[in-house]
Amino acid sequence: MDIILGLVGKDYVMTVADRAQARSIVVFKHDEDKIFELDGHMVMATAGPQGDRANFAEYIQRNIQLYKYRNDLPLTTKGAANFTRNELATFLRKSPYQVNLLMAGYDEKVGPSLYYMDYLGSMHKMGFAAHGYGSYFTLSTMDRYYKEGMDLEQGKELMMKCIKMLQQRFLINCPKFICKIVTKDGITTSEL
Amino acid sequence: MSYDRAITVFSPDGHLFQVEYAMEAVKNGTTAVGIKGQKTVVLGVEKKSAAKLQDQRTVRKIMKLDGHICLAFAGLVADARVLVNKARLECQSYRLTMEDSPTVEYISRYIAQVQQRFTQRGGRRPFGISNLIAGFDADGTPNLYQTDPTGSHTSWKALAIGRNAKSVREFLEENYEESNTAEEKGDEDAPIKLAAKALLEVVESGAKNIEIAYLKPGSGLKMVPADKVAAICKEIEAEKEKDKARGKKKKST
């Protein structure tokens with residue numbers, strides 16, 4: 001039921017998530033933040049049951065910090081994504097985490113990048129991505145209008161198109177979305 | 001019968017010899033000094049003279065444990081690496097379970113507990129290091145703790161460990177109050193200057209063999225750049241010369 005979307009632009013990567021936290025037919029809150037900040041330049045949007053989401057995301061957060069202190073060097077987005085995928089795969093056959101992820105980060109050498117991961121441990125580096133029911137409605141829009149190297153305005157425009165599509169066609173009403181944009185200057189949060 | 005073979009054996013007069021020998025290993029290590037100011041906590045270490053072919057950047061004696069806590073040690077370098085790894089893991093573990101940053105006292109207690117465990121169980125030898133753990137708690141209180149191979153941890157206003165620790169500690173006892181008042185009056189660098197002065201008492205060849213780092217509330221560990229250290233040391237030398245000259249004048253008149 002969670003909607004998470006991601007998009008890579010010229011010098012930024014944008015992640016968007018809906019803000020509702022629900023179970024069965026009850027909505028607990030309308031201001032949940034599903035995008036965890038792993039480091040100064042890395043975020044992870046999570047989808048799934050709240051327990052697994054929080055538990056797994058916090059675990060990854062702390063391990064990334066530990067790596068930074070042990071090695072005096074922060075992890076690259078690629079490194080963090082591969083580490084996370086490994087954890088998902090290891091736990092899959094022990095006690096699986098039912099979390100779908102979009103990991104987004106900005107590295108000095110590589111620029112912005114977006115990694116799509118699902119709860120079975122698959123990982124793909126992508127230009128734009130979405131998880132869950134949201135993907136049925138937004139992937140076609142992004143397919144049509146996405147271009148590599150879009151600037152921030154164009155990226156926001158495309159994201160708004162996707163959100164309007166969801167609000168028009170998706171059964172579950174999602175009035176509020178949180179948007180986190182990662183650039184070389186860090187993470188900026190806004191509401192859409 | 002020798003009672004210094006196994007660690008877990010007391011001698012008849014109540015000594016744990018292995019632990020005492022570990023303290024000797026600490027006394028052989030390069031000097032480290034810690035100073036708790038009001039708005040700054042400073043750690044200073046003596047760097048052994050650089051071997052010409054060695055890459056100096058790989059010699060690290062002041063380590064970050066977490067964003068707000070750092071550690072300097074005296075003694076066996078490899079032992080320190082093991083302890084620091086454990087402490088770093090514990091910092092993140094605490095953050096994961098408590099959703100809060102650990103206090104300096106908590107981490108010092110943890111490190112001390114690890115050191116004590118190795119004096120009692122498992123037939124392993126103690127860690128040959130004493131640590132100075134410095135940092136600011138989330139509420140802004142400065143902290144400086146010491147742990148030693150016996151496994152005790154205590155809080156200090158200023159302390160020196162390692163080679164020549166005794167003479168440096170005496171120097172600190174005489175000069176700490178003055179530095180504290182200077183800091184109250186607005187000299188923010190007073191604790192850094194005190195650390196440099198204390199180290200210069202015992203370090204041969206001065207500024208290039210000293211490394212100083214400091215923490216302020218809310219910000220992480222910062223190293224004092226080498227040129228500033230050199231400048232501070234020059235200032236201190238100049239003051240010493242002035243005092244000497246004044247002393248001579250007094251004697252002659």
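Every number in this text was worked out from the coordinates using simple rules, so none of it is lab data. All values reported here derive from a predicted model rather than from experimental measurement. Note that we place each Cβ from the backbone using ideal geometry, even for glycine, and neighbour counts take in every protein chain shown.
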Fill in the blank from the handout: Output ordering of B:222-229, A:31-38, B:57-64, B:38-45 (per-residue mean of other Cβ within 10 Å, highest first) is B:38-45, A:31-38, B:57-64, B:222-229
Completion exercise
Out of B:Ala78, B:Ala195, B:Ala158, a Gaussian network model of chain B with alpha-carbon springs under 10 Å gives the largest mean-square fluctuation to B:Ala78
Completion exercise
Expressed in nanometres to one decimal, the distance between label points 7 Å along Cα→Cβ at A:Val27 and B:Ser167 is 7.4 nm
Handout entry: Those aspartates and glutamates that a straight Cα-Cα span of less than 14 Å connects to A:Lys147, excepting residues fewer than 8 apart in one chain
Key = A:Asp11, A:Glu157
Fill in the blank from the handout: Inverse of <1/r> over all distinct C-alpha pairs of the protein assembly as shown, i.e. the Kirkwood Rh in Å, gives 25.2 Å
Handout entry: Shape category assigned to the stretch A:53-185 from the gyration tensor of Cα positions, a/c cut at 1.5
Key = oblate
Handout entry: Fully extended contour minus Cα-Cα distance, from B:Leu96 to B:Lys248, at 0.36 nm per residue
Key = 48.5 nm
Practice task
Find the centroid of the Cα atoms in the stretch B:206-253 and in the stretch A:128-192, then give the distance between the two in whole Å.
Solution key: 57 Å
Exercise for the section: Search the structure for amide H atoms under 5 Å from the amide H of A:Asp107, placed 1.01 Å from N in the peptide plane, and list their residues when 5 or more places away or on another chain. Expected result: A:Ser113
Exercise for the section: Report the relative contact order of the stretch A:1-83, percent, no decimals, based on alpha-carbon pairs under 8 angstrom and at least 6 residues apart. Expected result: 18 percent
Practice task
Take peptides A:112-123, B:176-187 and line them up by average Cβ neighbours within 10 Å, highest first, as a rough protection proxy.
Solution key: A:112-123, B:176-187
Exercise for the section: Would you tell me the mean number of C-beta atoms belonging to other protein chains that fall within 10 Å of each C-beta in B:84-96, as a whole number? Expected result: 4
Completion exercise
Averaged over residues of A:57-69, the number of beta carbons from other chains lying within 10 Å of each residue's Cβ is 4
Problem - Burial ranking of peptide ranges B:129-141, B:100-112 (average Cβ count within 10 Å, highest at the top) - result: B:129-141, B:100-112
Fill in the blank from the handout: With a Förster distance of 45 angstrom and the Cβ-Cβ distance between B:Glu20 and B:Glu239, calculated FRET efficiency to the nearest 0.05 equals 0.70
